[in-house]
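Okay, so here's the structure we're looking at.
The values are calculated or read from the model by the stated rules, or taken from the named source; none is laboratory data. Predicted model, so just to flag it, every value in this text is computed and none were measured. Quick reminder, even Gly has a Cβ in these numbers, built from the backbone with ideal geometry, and neighbours come from all protein chains shown.
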Amino acid sequence: MKLLPHWVSRPALVALLAALVVGAVLPKVLGLSVYSQNQVTETFLFVAAALAWNWMGGYLGQVSFGHSAMFGLGGFISARLLLALHLPFWLAWIVGGLVAAAYALVWGHPTLRLRGPYFSIATIGVGEATRLVMTYWEDLTGGSSGLSLPITPGLKSELYWWALALMALVIAASYSLRKSTFGLGLLAIKSDVDAAADVGISPTLMQDIVLLLSGFTVGVCGAFYASYQNFIEPGDMFGFDRSISFVLMAVIGGVGTIIGPALGAVVFVMLRQYLIGSYPQLYLGIYGLLLIVVILFEPLGMMGLFFRIARRFGLMRPEVEATLEAKAAVGGGAADPGARQGGAP
Amino acid sequence: MQRFTELVVAAVLLAGLYATMAYGLGLIYGVLRVVNLNHGGIIMAGAYIGWLLHEKFGIDPYLSIPVVVAVSFVLGIAIYRGLVRHLPRGPAGAVQSLLLLFGVWLVLRNAAYLLFTGNDQTIRTEYSTRSLAAFGLAVSVNRVAVFGIAVLTLVVLHLFLTRTFTGKAIRAVAQNADSCTLVGVDVERIYSLTFGIGTALAGLAGLLGASLFSFNPSYGSGDLLKSFVIVVLGGLGSVMGTAVAALILALVEVFAILALPAYLTGAVGFVLLVLVLVLRPGGLFGQRVLG
């Protein structure tokens, strides 16, 4: 037990390992069709992306509507590397992720001093400006005709295990970001930036670190998506709908929790598949309705529903539930949403 | 010099429209501390209502102003009473209301796609292409009309907020809602009235915008960001601040055409937004309460 930090609980570790083993042998045992296996790969990918978004939106309480910028950048950088240098794809993903993280820091370092709605709206500007520039930067993105990657046989089934590994890493990272001392610092920043700074936490540094991690991970997810899809175009990769999808996954599942965004991503991918098949005209509006219903009735999404059921059947001690809900609560408790860090505006 | 004057005139005329839509967003934020992310949705709705009245009944867009204003006013009150009111006040509710109103916007956009398809539409009247000539400059009639209506609206709004009892109550609630309750102001009623006025301004701006530009169900998302730039730049609630900020944005946008390739001019507003938020989050003139 000494090998592990004190905040790693044994049940959590066992659960994660068990889930990994199940995930690894599942396609073999069930003999999943290629189609369903691809669906599962995509689900794994978006679980990772939703959790990475949640580090910003849930742990820090800084809701970003601009994460498509990093998703797209990671995708196109790695696609270019794969096409030009024929790197092994995992190396291309990492480089794509690093570039995305650097870009996140460039716009995020100044804007993260804003809190709440101010930050959110700045990210809309960042996302849209990035999309516009990228759509016309044909040397990188191929313009509106996009980029095609070479198709290698067997790649998609290999990517299944890569996606599983990626998701496992991101879940472990989410867990450690939540439970470690660093994670407690994030919680303090989310509750009250000024008070956190007063007790010796550096909000600027910590927010930058979270942004780097989140940007890197979302960039890697974008790069993975590029390899997986074989074809990417800027309108889809950098689109506002892409940014919204991360927000929706986390909000539907439960912002600020770990299981929540993961569940949300599963529901989102399934729902989208169904809606695009059956009601292609309606899916945007249905997401909107879902968002309204969740925020209005259960701001913690599916996790909130779960807490409610657990309470009804007396499965959860009230103090445990209170801590969980306080950690997960949507938005921070900062004194003035417009206030900048470290003092009066 | 001729070109310079033309661009300045174009910017001033555009600024009227910008100020109208930004004032709606600023009013709601100033009084309720809620960022109306659905602002773009209402702008789009205003444009489509005007278009519908023109296409189906042949009503001139300028004559349909009362209808559009009334419909978006009622729509705003419905959104406030039905949705926004149920969220917690203060910082905790700020992000929640942002997400909620974003959901409303998605629904409105989808409704517009279903009703009117995603095609670009324009409101075309017989005077659409006519222009006025003065001092050697040719200016589109429509742009002058839009500017005139916008200025008139802002003046009326300013008088309403400073001279009437209800207007003073709105400003008082913006300063301190609790004290207002103590002296017998129905704060809840003021909140829904303010939300209604804010969305009515958005609807009006949408209609005015639709007589100048083409639009589709995504119309309004750029305007939301522009409104936000202006609100942040101009400070809250001051009509003069809003007007100056709107003029600055319009000038930057119009002159960007000279310096940047055409496809990048759309990004200017977004870059300005981020710069303004980072450099002057308190506005050019400091944070002010309404009036």
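Quick notes
- Subset tally (residues that are touching a Gly at 6+ places or on another chain (Cβ under 8 Å) and away from chain A (no Cβ under 13 Å)) for region B:253-277: 1
- From the list A:Leu159, A:Leu177, A:Leu149, the lone residue that is closer than 15 Å to A:Asn54 by Cα and not charged (D, E, K, R) is A:Leu177.
- The condition (being more than 14 Å from chain B (Cβ to nearest Cβ), out of contact with any Pro (no Cβ under 6 Å at 6 or more places or on another chain) and of a type outside the set (Phe, Trp, Tyr)) is satisfied by just one residue among A:Ile259, A:Ile286, A:Ile244, A:Ile292: A:Ile259.
- Any hit, region B:135-144, residues being among the hydroxyl-bearing types (Ser, Thr, Tyr) and farther than 17 Å from B:Leu247 by Cβ: yes
- Against the list (1) surrounded by fewer than 23 Cβ atoms within 10 Å (Cβ to Cβ); (2) within 30 Å of B:Leu98 (Cα to Cα); (3) among the hydrophobic types (A, V, I, L, M, F, W, C), the condition B:Leu53 fails is (2).
- On the stretch given as region B:55-102, residues that are in a helix (DSSP H, G or I), away from chain A (no Cβ under 14 Å) and in contact with a helix residue (DSSP H, G or I) (Cβ under 9 Å, 6 or more places away or on another chain) total 12.
- Applying the set (1) within 14 Å of chain B (Cβ to nearest Cβ); (2) part of a helix (DSSP H, G or I); (3) crowded, with 22+ Cβ neighbours inside 10 Å; (4) not basic (Lys, Arg) to A:Thr204 leaves exactly one unmet item: (3).
- Elements of type helices (runs of 4 or more DSSP H) contained in region A:271-345, each with 2 or more residues being within 28 Å of A:Ser191 (Cβ to Cβ), in contact with a helix residue (DSSP H, G or I) (Cβ under 6 Å, 6 or more places away or on another chain) and at pLDDT 65 or above: A:283-297, A:301-312
- In region A:103-130, of all residues being more than 9 Å from chain B (Cβ to nearest Cβ) and more than 17 Å from the chain's Cα centre (by Cα), the one that is surrounded by the most Cβ atoms within 10 Å (Cβ to Cβ) corresponds to A:Leu112.
- Evaluation of A:Leu211 against (1) under 19 Å from A:Pro110 (Cβ atoms); (2) assigned to a loop (DSSP other than H, G, I, E, B) (one fails), failing number: (2)
- Scope region B:106-119; condition within 7 Å of chain A (Cβ to nearest Cβ) and of a type in the set (A, V, I, L, M, F, W, C); matching residues: B:Leu106, B:Val107, B:Ala111, B:Leu114
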